[in-house]
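A.B. asks: Handing you a structure now.
The values are calculated or read from the model by the stated rules, or taken from the named source; none is laboratory data. Keep in mind the model is a prediction, meaning the values are calculated, not measured. So basically every Cβ, Gly included, is an ideal-geometry build from the backbone, and we count neighbours across all protein chains shown.
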């Protein structure tokens, strides 16, 4: 397939090969195809919209500079997912731990699994989302990453372990402790039933 016939629905490997062969516009297709997904991977980690935008731009700069070395040993989305998580973790590790500012999510809330938090009729959905968001914000970086990948993106522990270069057992432990911390935070605000399962 020639570069002129490429579009956003083209196979990732065809787009990448076109880019490697000098078609700079092929990279714009990858950005159009994955920018929103990358943003939300990052946003669920760093929580702040502006920070997530900045990190997303940095991620695509990294992808642009390293794409010619991409060998296709994994799916392209797996490749950019791993970069996105690691950039987010690096950002969280650099960020000051002294801030107590909670992200305002009134107008731009993260989507959660509605069936997971529908156990208490006295909590409206927006309040549940806000509490969950605050609880996630209190997790340390790796636990937050594992929780997001497992809870939001339904990745297996094996997939998470490969992305973070950790053991499967370690990832299970991270998720277990993340869930317990989230439950404890939510219960400290309102006595509700347990809403997660490992």
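A.B. asks: Name the single residue, out of those in segment 1-16 being over 26 Å from the mean Cα position of the chain (by Cα) and outside any loop (DSSP other than H, G, I, E, B), that is modelled with the highest pLDDT.
C.D. replies: 5
A.B. asks: Now a separate question. Any idea which of 139, 155 is more than 17 Å from residue 46 (Cα to Cα), touching a helix residue (DSSP H, G or I) at 6+ places or on another chain (Cβ under 9 Å) and in a loop (DSSP other than H, G, I, E, B)?
C.D. replies: It is 155.
A.B. asks: So, one more: Since residue 19 meets every condition but one in (1) surrounded by 13 or more Cβ atoms within 10 Å (Cβ to Cβ); (2) modelled with pLDDT of 90 or more; (3) under 22 Å from the mean Cα position of the chain (by Cα), which condition does it not meet?
C.D. replies: (3)
A.B. asks: For residue 125, are the conditions met, namely being modelled with pLDDT under 65 and surrounded by fewer than 17 Cβ atoms within 10 Å (Cβ to Cβ)?
C.D. replies: In short, no.
A.B. asks: OK, next. Keeping to segment 87-102, report how many residues are closer than 10 Å to residue 45 by Cβ and at pLDDT 90 or above.
C.D. replies: Within segment 87-102, residues that are closer than 10 Å to residue 45 by Cβ and at pLDDT 90 or above number 4.
A.B. asks: Which ones in segment 41-75 are assigned to a loop (DSSP other than H, G, I, E, B), out of contact with any helix residue (DSSP H, G or I) (no Cβ under 7 Å at 6 or more places or on another chain) and more than 27 Å from residue 138 (Cβ to Cβ)?
C.D. replies: 71, 73, 74, 75
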